[in-house]
Each structure stands twice: as structure tokens, then as C-alpha cells.
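Okay, structure first, notes after.
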Amino acid sequence: MPAEGAREEASVPSSQRAALDSRQNVQDTDTIPAPADLFQSALSALDLYHPAASVKSEVIDDPDDIAVQQGQTAATVGRAIYEMLRLNTAGKTRRIYVKRRDLLRANGLQPRDLRRIDPSQGVTKTSPNITIKEHVLVINLGGVRAVIHADKCLLFEPSSASSRKFLDILCDRLRQEGAPRPGHGLSSDDDIPFPTEEKPPPFELEVLEAALMVATGRLDAELAAVSRRVSGVLLNLPRDITPVNLEELRRVKQCLVELESKADNLRDMLEELMDDEDEVRDMNLSSRPSREERRRVREREKIERGMERERERERDIMRSSGMTSMDNGYSEEQHDGIGSPSTDYSSSSSSRSGKSRSLESRSPDGEHEYEAEAEAALEEMDDAEMEERELEETEDLLEYYLQRAANTQSEAERLLAGARDLEESIGVSLSARRFEVNRLELTLSIGSFSAALGAMVAGIFGMNLKSTLEDSIIGFWGTTAGIVLCCFWVFYALYSYTRRRRIL
């Protein structure tokens, strides 16, 4: 065989032999691992380096693994479309679809105002809010989100349960306003009650009251449901402490905490709103424009009357200065003559000027000016009285629902305090039971220890060793009695010791 290999190598040409040698050298060099590969293999053997895991944790090679929300960009937010229900003062509704930008532009709102009532925002579902703008009210009460004008209301999510209840309440109230509302007054002659027509509240306050009714009604309904659950828990838990009843108690406490938080948020919002008298006054959108317009007209008329009075005063000053110059010239001409006529003429001229001024003051223009000032003062007093009456009505409305929210909160706090007291009493009861179990375990441990001592003595006698007692019947009974008595004595001693130390 070596000779055949040599002959084959001899038959191969020298050029081919050189190529084969170079190729074999390359293959040999490829089979030798590099130092870096040797280092990584050593780390892998020691479980200190895992290249695949390190690459996956730092670099993402697959582009599909990058989490990007498909189909949602910043530009599409402004083109969001809301389903709304438009409600007018007659109680008629119409479903409309409005873009976000158009809604902001048409109602004079800012994006931050819309975020408070945007149905897509999760925070708005639990935070009540009443925002007063220049011409609108933005409310979020009890799941009712709306933009209120003086003559219309734009309602978000008209298909929700809160919105349907809100529409039922508001539409009935608006339809009833078409008929006159009889009130009761007293006649001036015999103090007999007589029917009068009561002025209905403004549209925006009707909408606000309906939303507050829904908000407080939801709180009352949740309170009634939780109260029934609390009553069931109070009946079951003292006599039947089971994991099911304990879990029900935990859920009831959680519901009470959420209810208290909702009522507290509503109460704080109403209190903060009522603390600002200007905001409460601006909530009346119907009378605010006319009241401001009348105030501007009065201010303009007052300024015009003041300017006219200044012009009249300047004319009087100029006229009086002209009369004085004429009197001085005449007195100089008559200086060389008799003094008495000049004196008489000056006195008569002064009396004439006084009479002229008095006549001017009693002129029809002056009387008209005084009448205008008196009418302006009366109008201002009437507006102030009307504004005060509207302010009182709005405050009474907010105060009523503030008291309802406060009552709900106080009742929820009372039930929550009862549930916590029940939980504490259950904890005390379970601790007492655990103490009884520990006492029983300790007593059994003492008994087991005493019996173990007796078993040890019996084991000693059970060994296969010769003694003088195995053949004696009296020795058997005596040893048995001694072991039993020793066990009882050890038990009594340990029991007395634990009682004396108040361990049992």
C-alpha cells in the first residue's frame, strides 16, 4: 500500500500537487479555533456567557417585534368624530356627528376643556367637573358629558344608561315648561292666596340640575345596593366565619371606599364652585349677555351726561365772564358821576345773573337730565336685584345637591366604619380561636412529653437484661403504677408551671 500511494503521488503533476498542498493547509488552518472562540466556549462551559440571550435582550433584529400602534397617528386625533345628541329648549333631539376640531372651534373651547369630557379619556369617567366658559358650560357629572349653551345642549354618548336617564328627566321637564306654572301669592286687600305664574328657570340651569339629579341618583342607587350587601354580611359573619363571607366583606369594603371617593369628589367640586361667587353668577348664560349690555349702555349714557354737563359748565363760565367784563366797563364809564346809580346797577346786574342761572338750572334740559339719571339709577337697582335673585337661585340649586352628596358620603363613611369594626371583631375572634388552639396544642405537648417519659422507662425494662423484677408479679404491677404516677406527676407539674407563668 505505501508503494501504491507513492506511485500515485508520482503520477500527479507537480503543479497539481502544489495546489492540493495549499488547499490542505487552508483546511487545516480553518479547523483550528480562534482565541476568541476558545474564550467564548470556556465561558459557555462555565455558564457565564450566553451569546444568544444577550443578543435578544439588547438588539431586536426582527422589525415585526417593534410595538407600534397601527393606524393611529397624531394627525388623526384632531380628525376624531364624536357621536352627539343635540337638544333644544323645546325638548326636541337630533343625532349629529361632529369632528373634534369643529367642536372646539364652534364652541370656543380649548383642547384642555374637551379633555375633561372626552369619552375616550378614562379619567373623565370618574372625575366630576363643571367648567364655566364665556358662552358655554362644560359638565361631566355622573357619566353625563355635555356642552351647554343658552339655547341648546350637545350630549356625548347618547346611548349610555346615564345619558338615557338624563334625557328622560330633562325632556319631561322641558315639555312641562310649555304650560304655565301656577304659584301662590297674597293679595294686598285681604291677604288671600291667589294663583300666579312662576317664571321657569333658564335652560342651562335645567340641564345642569338634570345632570346633578343623575349624578346624585347614581350615588344613592350604589349606596342602597351596598347597604343591602352590608346587611347580609353583618347577619352572616358573626355566626359563620368562612372564606366566602370574608371575601364578600372585602368586596363590600372596596365598594364603600369607591362610593365614598365618588361622593367626596362631587362634594369638593360643588364646594369649590360655590366658593367663587363670580363663577356662580356667570352660570346663568341666558341673562348674562342682556345684563352686560344694559350695564354698558348705562355706562355710556353716564359718560355722555357727564360730558354734556362739563360743556354746560364751560358755557356758563364763559357767559359769566362776559357779563363781568361788561359790568366793569360800565362802572369805569360812570366813575366820575354819582356813585349810587352805579352801585344800584351792579346789584341789579348780579341779581339778574343769579336769576338767569336759577332759570337755567330749572330749564327743561336740566329736568330731563335729572330724570335720566334717576331712571338709570332705578334700572341699575333693578338689575342688581335681579342678579342677586338669580345668584340665590343658582346657589340654592347647588346647595341642595351638595347636601345630597354630603349625606351620601357620610352614610358611606358610616357603613365603612361598621365594616371595619366588623373586620376588627372578626380578627379578634380569630385570634381568640387561634389562642385556644395554641393552648390545646401546648396541653397535648405536655401530655405527650409525660407519656414519652413513661415510654422511656418501659423501654428500659423491655431490654433483654436480667433483673430481679421480671419474675415477680408484684414488681410488674408496682413498676406499672409507678410509671403511671410519675407521668401524671410530670404532667401536673408542667401544667401548673405554665398556668403560673400565664402561658396557658
Handout entry: Close pairs (9 angstrom Cβ cut-off, 6 or more residues apart or separate chains): in a helix (DSSP H, G or I) in region 308-319, small (Gly, Ala, Ser) and modelled with pLDDT under 75 anywhere
Key = 312/366; 319/353; 319/356
Completion exercise
The number of residues in region 476-504 that are among the β-branched types (Val, Ile, Thr) and farther than 15 Å from residue 445 by Cβ is 4
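Would you point out which residue out of 233, 226 is under 27 Å from the mean Cα position of the chain (by Cα), part of a helix (DSSP H, G or I) and of a type in the set (Val, Ile, Thr)?
Just a single option satisfies the conditions, and that option is 226.
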Practice task
Can you give me the ranges of the helices (runs of 4 or more DSSP H) entirely in region 87-181 with at least 1 residues that are under 27 Å from residue 222 (Cα atoms) and at pLDDT 90 or above?
Solution key: 161-176
Practice task
Kindly establish whether residue 469 is under 60 Å from the mean Cα position of the chain (by Cα) and of a type outside the set (Phe, Trp, Tyr).
Solution key: no
Handout entry: Residue check for residue 425: outside the structural domain of residue 240 (by TED's automatic domain parsing) and modelled with pLDDT of 85 or more
Key = no
Practice task
Taking residue 371 as meeting all but one of (1) assigned to a helix (DSSP H, G or I); (2) at pLDDT below 70; (3) outside the structural domain of residue 220 (by TED's automatic domain parsing), write down the number of the exception.
Solution key: (3)
Exercise for the section: Test residue 448 against the criterion of being hydroxyl-bearing (Ser, Thr, Tyr) and under 30 Å from residue 249 (Cβ atoms), and give yes or no. Expected result: no
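Of all residues in region 420-432 being surrounded by 11 or more Cβ atoms within 10 Å (Cβ to Cβ) and of a type outside the set (Asp, Glu), which is nearest to the chain's Cα centre (by Cα)?
Checked region 420-432; the qualifying residue nearest to the chain's Cα centre (by Cα) is 420.
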Practice task
Of the numbered conditions (1) within 25 Å of the chain's Cα centre (by Cα); (2) of a type in the set (A, V, I, L, M, F, W, C); (3) crowded, with 16+ Cβ neighbours inside 10 Å, residue 417 fails exactly one; give the number of that condition.
Solution key: (3)
Fill in the blank from the handout: Taking first residues from region 381-403 that are in the same structural domain as residue 205 (by TED's automatic domain parsing) and second residues anywhere that are modelled with pLDDT under 85 and of a type in the set (Gly, Ala, Ser), the pairs with Cβ under 7 Å that are 6 or more apart or on different chains are 390/287
Handout entry: Residue check, residue 489 out of contact with any strand residue (DSSP E or B) (no Cβ under 6 Å at 6 or more places or on another chain), aromatic (Phe, Trp, Tyr), surrounded by 10 or more Cβ atoms within 10 Å (Cβ to Cβ) and at pLDDT 90 or above
Key = yes
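The values are calculated or read from the model by the stated rules, or taken from the named source; none is laboratory data. Here the structure is a predicted model, which means the values were calculated and not measured. Because the Cβ atoms are built from the backbone with ideal geometry, glycine has one as well, and the counts that use them run over all protein chains shown.
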